[in-house]
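K.L.:
First the structure, then my questions, so here it is.
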Amino acid sequence: MYEEIFKDLNRFRELDAKYEDGNIFCSMCSKPLPITKKIVNLFLETNLGDSGLFKGTAQLEKETIKLLGEFLNNREAFGNIVSGGTEANLTALRVIKKMKGRNIILPKTAHFSFEKGKEMMDLNLIYASLNRDYTVDTKYVKEYVEDNKVDAIIGIAGTTEFGTIDNIKELTKIAKDNNIYIHVDAAFGGFVIPFLDKKIEFDFSLNIDSITIDGHKMALTPIPCGGILFKSEEYSKFLETDAFYLIEKKQTTILGTRPGYGAACLYTILKYFFDEIEKNVKKCLKNSIYLYKKLKENGYKPLMKPTLNIVNIEDENYLETCEKLKEKNYFVSVCKNANALRLVIMPHIEKEHIDKFIEVLKEVKP
Ligand code: EBR
């Protein structure tokens, strides 16, 4: 019986693309650290939605937030381990709307989770133009904020499309000079930027109100594991919902029932395997430069030198090339703000996968 069940399930699983095949260049997730399998098992039935029952796991979530806070230069940070970047951004939007208002300026490169928030919370999103290097035009933001009623600024530290980093320091200055809120979406970049050779300020070392940072992107946790962190506990009052039937009467998350294993995995990795994150990030950055150089050597035009582990290739027919690559069983994605392909170099991509990819690219786009 047991064998039959797994034979049945494997029929479906076999249809999935596999990270280890080295043909997935479009994902921002990768294989989790092997030890997390055991951790998921240990915390499988825990429910952070009922923290009065799962007191230990709730305490573990708090410890995880503390570790994340320390990593982002704020020991006083308040927050939750959530399902990912989308929920983290939606949580920030909840606070912005209650605390300040509905007018939010954000870059054209902002992730589509903000569009979901707009629809759900009836927000007014103003999209700021970009500089030639695909970071937000802070002059545009400053002028708009000074001439209009704006309640919050959103900056991206590691854009989904290009991996570019907005000038968070300048955005924070504009926000604070005008007494408005600033949220930083570092869902992807949060675990990459601190390991770059060049030091870039993007976290609570600046006067930022909240940050999104995902475990399941560059910190080797299984899915789902995101993080939303606020400057202090003060912000919790904008999130608390009366949860009368629970032992613990207040909830600050959008989700009710939610797993505890994400927090347990991120806690373990931050506390005991921090070196693994660093090692993997550095490998990804190195491989991104390797791909960038290989592309140039072979006559392709990278859009720019990669900031993080995302490489873009200029291509007027990018949609067609993307499709042709898919026919060859290679998965890349495309940009919205440039005519370009988008390749994310995650830990499952090795140098030999890049060499093979170049050969396939030559076949579909000689
Ligand atoms: C890409 C998520 C992705 C993961 C795409 C795996 C394809 C995959 N990005 O196969 C930013 C800057 C992001 C982002 C997701 C989200 C949403 C927010 N901000 O809810 O965890 O790049 O998907 O994160 P999510």
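K.L.:
Spot the failing condition for Asn329; the list is (1) closer than 17 Å to Ile24 by Cβ; (2) over 23 Å from the mean Cα position of the chain (by Cα); (3) surrounded by 18 or more Cβ atoms within 10 Å (Cβ to Cβ), and only one is missed.
P.N.:
Result: Asn329 fails condition (3) only.
K.L.:
Oh, and also: Keeping to region 116-157, report how many residues are open to solvent by 80 Å² or more (accessible area, probe 1.4 Å) and not in a helix (DSSP H, G or I).
P.N.:
3
K.L.:
I would also like to ask the following. Taking the residues in region 171-196 that are touching a residue at least 60 places away in the same chain (Cβ under 8 Å) and of a type outside the set (A, V, I, L, M, F, W, C) as candidates, determine which candidate is farthest from the ligand (Cβ to nearest atom).
P.N.:
That would be Tyr181.
K.L.:
When region 247-266 is examined, which residues are found to be closer than 22 Å to Tyr235 by Cβ, open to solvent by 20 Å² or more (accessible area, probe 1.4 Å) and of a type outside the set (Lys, Arg)?
P.N.:
Hits for region 247-266 are Glu248, Gln251, Thr252, Ile254, Leu255, Gly256.
K.L.:
For Ser210, only one of the following conditions fails: (1) farther than 25 Å from Leu285 by Cβ; (2) more than 16 Å from the ligand (Cβ to nearest atom). What is its number?
P.N.:
Evaluating Ser210 over (1) farther than 25 Å from Leu285 by Cβ; (2) more than 16 Å from the ligand (Cβ to nearest atom) leaves (2) as the failure.
K.L.:
Of the numbered conditions (1) in the same structural domain as Phe202 (by TED's automatic domain parsing); (2) of a type in the set (Lys, Arg); (3) open to solvent by 70 Å² or more (accessible area, probe 1.4 Å), Lys293 satisfies every one except a single condition; which is it?
P.N.:
Of everything listed in (1) in the same structural domain as Phe202 (by TED's automatic domain parsing); (2) of a type in the set (Lys, Arg); (3) open to solvent by 70 Å² or more (accessible area, probe 1.4 Å), Lys293 misses just condition (1).
K.L.:
Please indicate, with yes or no, whether at least one residue in region 55-70 is farther than 27 Å from Glu276 by Cβ, surrounded by fewer than 22 Cβ atoms within 10 Å (Cβ to Cβ) and modelled with pLDDT of 95 or more.
P.N.:
Within region 55-70, the subset farther than 27 Å from Glu276 by Cβ is 55.
Still in the list and also surrounded by fewer than 22 Cβ atoms within 10 Å (Cβ to Cβ): 55.
Right, trim to modelled with pLDDT of 95 or more and you get 55.
Yes, some residue in region 55-70 is farther than 27 Å from Glu276 by Cβ, surrounded by fewer than 22 Cβ atoms within 10 Å (Cβ to Cβ) and modelled with pLDDT of 95 or more.
K.L.:
List the number of the failed condition for His348; all other conditions in (1) crowded, with 21+ Cβ neighbours inside 10 Å; (2) in a loop (DSSP other than H, G, I, E, B) hold.
P.N.:
For His348, the failing item is (1).
K.L.:
Ok, one more. Would you point out which residue out of Glu320, Glu234, Glu276 is in a helix (DSSP H, G or I), among the acidic types (Asp, Glu) and surrounded by 15 or more Cβ atoms within 10 Å (Cβ to Cβ)? If you could, list the steps in order and put the result at the bottom.
P.N.:
Working: Glu320 fails: surrounded by 15 or more Cβ atoms within 10 Å (Cβ to Cβ); Glu234 fails: surrounded by 15 or more Cβ atoms within 10 Å (Cβ to Cβ).
Answer to the check: Glu276.
K.L.:
Can you find, within region 88-103, the residue that is nearest to the ligand (Cβ to nearest atom) among those that are surrounded by 24 or more Cβ atoms within 10 Å (Cβ to Cβ) and not β-branched (Val, Ile, Thr)? Spell out how you get there, then give the answer.
P.N.:
Going residue by residue through region 88-103, those that are surrounded by 24 or more Cβ atoms within 10 Å (Cβ to Cβ) are 88-89, 91-93, 96.
The next check asks that each one be not β-branched (Val, Ile, Thr); those that pass are 88-89, 92-93.
On the way: Ala88: 7, Asn89: 6, Ala92: 11, Leu93: 12 Å.
Filtering first and then ranking leaves Asn89.
K.L.:
Something else now. In region 1-30, how many are touching a His at 6+ places or on another chain (Cβ under 6 Å) and in a loop (DSSP other than H, G, I, E, B)? Let's see the steps before the verdict.
P.N.:
Of the residues in region 1-30, the ones touching a His at 6+ places or on another chain (Cβ under 6 Å) are 19, 22, 29-30.
Next cut, in a loop (DSSP other than H, G, I, E, B) only: 22, 29-30.
Number satisfying all stated conditions: 3.
K.L.:
Now a separate question. Return the residue satisfying two criteria in turn: it lies in region 158-169 and is on the phi < 0 side of the Ramachandran plot and open to solvent by less than 60 Å² (accessible area, probe 1.4 Å), and of such residues it is nearest to the ligand (Cβ to nearest atom). Talk me through it step by step, then tell me what you get.
P.N.:
Filtering region 158-169 for residues on the phi < 0 side of the Ramachandran plot gives 159-162, 164-169.
Restricting the remaining residues to those that are open to solvent by less than 60 Å² (accessible area, probe 1.4 Å) gives 159-162, 164-166, 168.
Numbers: Thr159: 6, Thr160: 3, Glu161: 9, Phe162: 11, Thr164: 11, Ile165: 11, Asp166: 11, Ile168: 13 Å.
Restricting to residues being on the phi < 0 side of the Ramachandran plot and open to solvent by less than 60 Å² (accessible area, probe 1.4 Å), the top hit is Thr160.
The values are calculated or read from the model by the stated rules, or taken from the named source; none is laboratory data. Since the model is a prediction, treat every value here as computed from it, not as a measurement. Note: ideal-geometry Cβ built from the backbone for every residue, glycine included; neighbour counts use all protein chains shown. Side chains are part of the model used for accessible areas, which takes the heavy atoms of the whole protein and leaves out ligands, DNA and RNA. Shrake-Rupley method; radii C 1.70, N 1.55, O 1.52, S 1.80 Å.
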